[in-house]
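Taking it in order: structure first as structure tokens, then the write-up.
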Amino acid sequence: MGDILDEVTSLIRCKECPWYKNCVTPVQVSVEDIAQFRIAMQGTNLPEQTRSELDQIMESMAAMSQEMILQSCPVFTQRLKGGPRLAQQVKRMMQNWGNEAEPDE
């Protein structure tokens, strides 16, 4: 019974989702996020060198996140984990991206 409720909940969440066609997006670390981190670090008793190193790490993570880290819809993630065929189809599609003419939607 729990599986049925989970699937119905997922369907409803998908149909009402404001992300529409954005199930997976790059994580965005903004300038404001980095500024807030810096403000939070000012209130600590860490040595200046440690603060500087943490600041550099934060900037590096922000740059890398644009290329490597994805934020995904919890329903999409659940479906990928629970459906090996779906995950394989997505993988195959990504591996063949651009090799075939895309059908018009």
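Overview of results
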quantity	calculated
Given (1) in contact (Cβ under 8 Å) with a residue 60 or more places away in the chain; (2) in a loop (DSSP other than H, G, I, E, B), number of the condition GLN28 does not satisfy	(1)
Top-ranked residue in region 43-53 [being outside any helix (DSSP H, G or I) and farther than 27 Å from GLN28 by Cβ; ranked as most open to solvent (accessible area, probe 1.4 Å)]	ASN45
In region 54-76, residue nearest to GLU7 (Cα to Cα) [restricted to those that are part of a helix (DSSP H, G or I) and in contact with a strand residue (DSSP E or B) (Cβ under 9 Å, 6 or more places away or on another chain)]	PHE76
Any pair with Cβ under 9 angstrom, 6 or more apart, that starts in region 47-74 at a residue that is over 30 Å from SER10 (Cβ atoms) and ends at one that is outside any helix (DSSP H, G or I) and of a type in the set (Gly, Ala, Ser)	ALA62/SER30
Matching option when the condition is of a type in the set (A, V, I, L, M, F, W, C), out of contact with any helix residue (DSSP H, G or I) (no Cβ under 8 Å at 6 or more places or on another chain) and modelled with pLDDT of 80 or more, among ILE69, ILE39	ILE39
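The values are calculated or read from the model by the stated rules, or taken from the named source; none is laboratory data. Source: prediction; values computed, not measured. Positions of Cβ are backbone-derived with ideal geometry, glycine not excepted, and every protein chain shown enters the neighbour counts. When the accessible area is computed, the model is the full protein with side chains, heavy atoms only, and any ligands, DNA or RNA have been set aside. Shrake-Rupley method; radii C 1.70, N 1.55, O 1.52, S 1.80 Å.
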